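Take a look at the structure below.
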Amino acid sequence: MKNTQLVCGLFASLLLHSAQAEVRDFSAEMPGQGVTPPRVVMLALWRGLATDDRQSVQHCLQDDRQPSRARMRYFRFFPVRLNADAVPDYIVLPATSPYCSGLYGAHIAGVWAVLGGKSPRLVYQDRVDSLRLLPAVGGWRVLQQENFSAAGAEVFRTEWRYRQSRYQPWRCLIIDHAQRRQQQVACSTP
C-alpha cells in the first residue's frame, strides 16, 4: 500500500511539474514580475545594454529619485533554456511597474536574452511586439521575433539563430494578412 502511495505521489509530482511548462511567448503586456536572477546575470544585462537603453534607465532613476543600485527594478527576468546545458538562461522584459518609458516604443518594447552560468552574457537585444522561443537548431533555441505594422495588416517576422557567440537574424518574412501572402526578404543586421 505504501509503495502504491509513493508511486502515485511521484506520478502526481511529475504531472504537476510538466504542467508548469516553460514560458515560450513574450511581450511587454505579459503578466508576471519574473524572478530575481543571480547578480552576475543582472550585471551582464547592464554591461551589454545599448547605450540609449542605459541612458533611459539613468533618466528613470533620476525621475523616480532612486539610487543607481536600483536600476534592475526596471526589468523583469524570466528563466528559460536557450541551449542544452542545465543552467537557466533569461529572457528579459521591461518592468510594467515601475514603468521606464525609454524601454518602450509606440507599440513595442525592449527584449533581451542573457545566457546564464558562471560567465553570463547578453546574446540578443531588440525592440519587438512579441518574441517566441522555437525548438532548437544546432543545440540552440531559435528566437522568432514579430513586429506589427501600425495598421496591423502586416507582420515583420525574423527568426534568429545562435551563431558566433550571439543570436543573429537568419530568416526574415513580411506577412500580409489582407492579401494572405508572405514574402521572404533580406534580413538587416542590427
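All of the numbers you see were taken from the coordinates with simple rules; none came from a lab. Please read all numbers here as calculations on a predicted model, not as lab measurements. A quick note on method: Cβ atoms are made from the backbone with ideal geometry, for glycine too, and the neighbour counts reach across all protein chains shown.
For the range 107-124, 3J(HN,Hα) computed residue by residue from phi via the Karplus equation (6.51, -1.76, 1.60; θ = phi - 60°) reads 9, 10, 9, x, 9, 9, 10, 10, 6, x, x, 6, 10, x, 8, 6, 10, 7 Hz, glycine and proline entered as x. Largest GNM mean-square fluctuation across VAL123, VAL137, VAL57, computed for the chain with C-alpha springs under 10 Å, falls on VAL137.
Of the trypsin sites (Lys or Arg not before Pro) found in the range 33-86, those that fall in a DSSP loop while having at most 16 other beta-carbon atoms within 10 Å are ARG65, ARG81. Per-residue ellipticity at 222 nm from helix content only, as computed over the chain with -39500 (n - 2.57) for each DSSP H run of at least four residues, stands at -7000 deg cm²/dmol.
Just checking the listed ones, HIS177, HIS59, HIS107: in the Gaussian network model of the chain with Cα springs under 10 Å, the one fluctuating most is HIS177. Between ASP63 and ARG181, the FRET efficiency estimated from the beta carbon spacing at R0 = 41 angstrom works out to 0.35.
Please label the shape of the range 145-190 as rounded, prolate or oblate, based on the square roots a ≥ b ≥ c of the eigenvalues of the alpha-carbon gyration tensor (a/c under 1.5 means rounded; beyond that, a/b larger than b/c means prolate, else oblate). Prolate, because a/c is 1.5 or more and a/b exceeds b/c. When a/c reaches 1.5 or more, the comparison of a/b and b/c decides; with that in mind, is the chain rounded, prolate or oblate per its Cα gyration tensor? It is oblate, given that a/c is not under 1.5 and a/b is not larger than b/c.
The H on the amide N of PHE75, modeled in the peptide plane, is under 5 Å from the matching H of ALA95, each at least 5 residues off or on a different chain. Just to confirm a number: summing +1 for Lys and Arg and -1 for Asp and Glu over residues other than ALA106 whose beta-carbon lies under 11 angstrom from that of ALA106, what do you get? So the environment of ALA106 carries a net charge of 0.
Other residues lying with their Cβ under 15 Å from the Cβ of ALA186 contribute a combined charge of +1, Lys and Arg counting +1, Asp and Glu -1. Structure remark: mean-square fluctuation, Gaussian network model of the chain, C-alpha springs under 10 Å; the largest value among GLN168, GLN66, GLN125 belongs to GLN66.
For the chain, relative contact order (Cα pairs under 8 Å, six or more residues apart, normalised by length) works out to 15 percent.
When the trypsin sites (Lys or Arg not before Pro) in the range 85-190 are filtered for DSSP coil states and for at most 10 other beta-carbon atoms within 10 Å of their beta-carbon, the remaining sites are LYS118, ARG180.
The phi-based Karplus calculation (6.51 cos²θ - 1.76 cosθ + 1.60; θ = phi - 60°) puts the 3J(HN,Hα) values of the range 41-47 at 5, 5, 5, 5, 4, 4, 5 Hz, whole numbers, x for Gly and Pro.
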